[in-house]
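Heads up: the structure comes next, in structure tokens.
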Amino acid sequence: MTNFLKDKILIYFGLAFLPFYFLIAWVFNCIDHSLDLLTHIQRTVWFYWPATGALLAIYIIYFALHSNFFRIKDSHRTLKIVVIFSFIFVAIMFFAVPAPQEDFYHYFFEDVVLAKYHLNPFIITPNDLPAEPLSQLSFWQDLPTQHGPFRFFLTAPIAFLSHNSIVLGIFWYKILFSLFFFASGFLIYRILTILKAADRLFALTLFLWNPLIIYETLVGGGTDILMVFWLLLGIYFLAQNKFNSAIVSLTLSVLIKYVTVIFIPFFIAFIFFNQPNWWKKIIVLAGNIFLISATTVLLFWPFWDGWQVFTGISQVAGEFHINSFPAILSFPFFVTGLPVDLITIKYIFEFLFAVVYLILFFLFLKSPKTDLKNLIYYSSIALLSFLFLAKFWFYSKYLIWLLPLLLLNNRRLYPLAILLTGLIIFSPLKDLGVLFVFSLVPAILVFVFDKYLIKKHQLI
């Protein structure tokens with residue numbers, strides 16, 4: 001009877017999410033997707049505020065779930081409940097049509113450039129194909145792809161399967177993103193099982209029920225989950241001592257979105273110090289460098305047209321906006337009109353990130369280097385530092401990079417994952433950048449209260 005009641009609590013939480021996910025899907029599908037009629041007022045009144053309210057409600061329920069998980073038993077029955085409800089959440093958001101100018105349509109356009117027009121997406125921009133309908137739906141009209149080449153091996157086939165239908169293409173993409181989402185959850189569960197983590201079901205639930213990850217994967221773009229999957233697969237291979245597979249998986253992750261290059265030194269150092277002698281260490285180090293180089297060259301080869309293939313990533317890297325974490329410091333100057341050199345702020349924080357990164361890597365080298373938990377911890381903090389110090393154009397979907405890693409760590413970092421998930425209420429407000437500051441308030445309150453509950457129930 002006791003186990004049933006504990007399962008019942010989890011079921012109640014799952015049911016509580018449903019009406020708000022339905023509301024989000026309904027709001028998205030009520031938007032007039034004609035760009036001529038999609039005025040700023042319409043987007044604000046009929047999209048931003050209802051969606052934001054629903055997302056805020058989902059976040060509060062998610063926080064309550066986290067704070068009460070100590071009452072839920074880790075069992076096979078509970079695992080099935082978690083997976084079933086996650087499938088329901090994804091199924092609801094599956095039918096939420098992304099609004100025009102979401103990043104999703106730019107990714108779709110890039111795949112169509114390759115599959116339909118047989119052109120190089122690293123060179124072609126929406127402005128170059130004005131007659132293509134996806135050009136009109138895309139944002140960043142002068143931007144070629146800013147992602148790595150491996151993404152096209154995963155997503156470009158969808159452009160063939162869509163048969164020139166945008167609606168059919170949306171569904172195919174969502175199927176692909178959903179598969180990688182659940183596969184990532186499986187890897188998190190398997191990694192924590194290998195690490196003999198007592199709270200593996202807790203971490204899995206916080207991932208599969210995380211509203212930010214579900215929302216951004218099924219509506220905001222989806223390619224981030226592709227990158228995360230290959231990163232998690234690399235960590236899984238490390239846990240299995242399959243070092244060559246681990247380094248190839250990480251390289252594939254980097255060649256989807258370049259940000260996971262941050263992890264390469266940690267992976268190489270971990271593999272290096274797991275070798276029995278110096279001769280083996282040198283051979284393995286050379287082998288790692290060869291695998292990274294060969295995989296990169298092989299995947300870039302079909303697209304290579306000189307250094308201009310990096311135009312997209314260099315253009316995005318040069319963007320700077322007050323919705324980024326370091327630029328928040330410039331916000332008072334922006335409002336008051338006082339002079340401030342944003343480029344100087346950018347360089348200062350890039351330097352600070354480099355210093356912090358080197359310190360973290362040094363601390364990792366001082367720790368027991370063959371302990372996978374140390375690699376996960378220090379590389380997670382390195383990525384967190386990048387987001388706060390060196391990411392100068394911030395979208396909440398970037399937290400998909402970090403949250404799975406936080407959940408692979410000790411439960412002490414779970415409240416941080418909850419705090420960052422609070423940024424989900426910023427997702428539909430990204431065009432109203434200054435409101436980002438106010439979106440932090442409920443998340444900070446939740447973080448403080450969460451720490452109190454953990455201390456009270458001695459959960460650590």
Can you pull the one-decimal nm distance between simple spin-label points at Val261 and Ile84, each 7 Å off the Cα toward Cβ? 4.7 nm
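Between their Cα atoms, which of Lys196/Lys242; Lys346/Lys397; Lys73/Lys366; Lys80/Lys391; Lys281/Lys373 are more than 28 Å away from each other? Don't jump to the answer; show the numbers that get you there.
Working: Lys196/Lys242 19 Å; Lys346/Lys397 21 Å; Lys73/Lys366 37 Å; Lys80/Lys391 38 Å; Lys281/Lys373 21 Å.
In this structure, Lys73/Lys366; Lys80/Lys391 lie more than 28 Å apart at Cα.
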Sequence ranges 137-147, 400-410, 355-365, ranked by mean other-Cβ count within 10 angstrom, highest first: 400-410, 137-147, 355-365
Residues in the range 253-267, backbone N under 20 Å from the label point at Val297 (7 Å along the Cα-to-beta-carbon vector): list them, ranges by number please. 253-256
Likely footprinting exposure, Arg411, Arg71, fewest C-beta neighbours within 10 Å first: Arg71, Arg411
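Order these peptides, 22-29, 157-164, 232-239, by their mean beta-carbon neighbour count within 10 angstrom, highest first.
Put in order of decreasing packing, that is 232-239, 22-29, 157-164.
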Extension gain (nm, one decimal) between Tyr117 and Phe139, 0.36 nm per residue minus Cα-Cα: 6.0 nm
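Using only the Cα atoms of the range 182-290, build the gyration tensor, take square roots of its eigenvalues as a ≥ b ≥ c, and label the shape rounded, prolate or oblate: rounded if a/c is under 1.5, else prolate if a/b is larger than b/c, else oblate. Don't skip to the answer; put the middle values down first.
On the way: a/c = 3.40, a/b = 1.60, b/c = 2.13.
The shape class here is oblate.
Can you sort Ser253, Ser367, Ser314 by how many other beta carbons sit within 10 Å, fewest first? Write out the running numbers ahead of the final one.
Values: Ser253 27, Ser367 14, Ser314 11.
The fewest-first ordering by Cβ neighbours comes to Ser314, Ser367, Ser253.
Set the Förster distance to 60 Å, then compute FRET efficiency between Asn164 and Leu358 from the Cβ-Cβ distance, nearest 0.05.
On the way: r = 50 Å, r/R0 = 0.83.
Calculated value: 0.75.
Every number here is computed from the coordinates shown, using simple stated rules; none is lab data. These numbers were taken from a predicted model, which means no experiment stands behind them. As a convention, Cβ positions derive from the backbone with ideal geometry for all residues, glycine included, and neighbour counts pool all protein chains shown.
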